[in-house]
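**Q** This is the structure, below, for whatever I ask next.
Taken together, the values in this text are just the output of simple stated rules run on the coordinates, not laboratory data. Values in this document were obtained by computation on a predicted structure and should not be read as measured data. As a convention, Cβ positions derive from the backbone with ideal geometry for all residues, glycine included, and neighbour counts pool all protein chains shown.
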Amino acid sequence: MNRLSERQMNVFNDITERIKAYYVSNNLKVDSYDQLVQKVETARVEIQAALQSNVRTASQFGCDKDDPKGVAIQFKAQVKTQVQRLKDYRTAVNNLLTAVKTAAESVEE
């Protein structure tokens, strides 16, 4: 699950960098650009924290260790959080993309 999430996060990172480069190279103006970029960065940090938390919890799991059921329940909850954080990151990137695309279309007209 973590590898899949890391790959997806890297895809979103690449898309974000391309959007930023396009925005700068075309001298576009979006009123809320800084807020949108900040939301993307916040979502990126949150998904990275969720991934690191899952790695720590997974390393604590073992049938021979204390409370394996409790660790498994905790891990399951963290995976749900990770999935939600990834969705939030996707939404933030999509909002940035939509704003930049709208600005680019209005310049072309």
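**Q** Given labels modelled 7 Å from the Cα in the Cβ direction, how far is it in nm from D31 to Q48?
**A** 3.2 nm
**Q** State the Cα centre-to-centre distance between the stretch 25-92 and the stretch 3-17 in whole Å.
**A** 12 Å
**Q** Restricting to DSSP loop positions (anything but H, G, I, E, B) with no more than 11 other Cβ atoms inside 10 Å of their own Cβ, which trypsin sites (Lys or Arg not before Pro) remain in the stretch 47-109?
**A** Details: sites: R56, K65, K69, K76, K80, R85, K87, R90, K101; in loops: K65.
Of the trypsin sites (Lys or Arg not before Pro), the ones in loops of the stretch 47-109 whose Cβ has at most 11 other Cβ atoms within 10 Å are K65.
**Q** Report, in debye and to the nearest 20, how large the dipole of the stretch 2-108 comes out about its Cα centre when Lys and Arg carry +1 and Asp and Glu carry -1 on their Cβ. The partial results should precede the final answer.
**A** Values: 16 positive and 13 negative charges, 63 e Å.
With Lys and Arg at +1 and Asp and Glu at -1, about 300 debye.
**Q** I've got another one for you. Out of the trypsin sites (Lys or Arg not before Pro) in the stretch 1-31, which ones are loop residues according to DSSP with at most 14 other C-beta atoms within 10 Å?
**A** Details: sites: R3, R7, R18, K20, K29; in loops: K29.
In loop regions of the stretch 1-31 (DSSP not H, G, I, E or B), the sparsely surrounded trypsin sites (Lys or Arg not before Pro) are K29.
**Q** Would you mind giving the average projected area, over all directions, of the Cα convex hull of the chain in nm² with one decimal? Numbers along the way, then the final one.
**A** On the way: hull surface 28.3 nm².
Over every viewing direction, the Cα hull of the chain projects on average to 7.1 nm².
**Q** If a/c stays under 1.5 just call it rounded; otherwise compare a/b with b/c (prolate if a/b is bigger, oblate if not). Do that for the stretch 16-65, with a ≥ b ≥ c from the square roots of the Cα gyration tensor eigenvalues.
**A** Values: a/c = 9.49, a/b = 3.78, b/c = 2.51.
Prolate, since a/c reaches 1.5 and a/b exceeds b/c.
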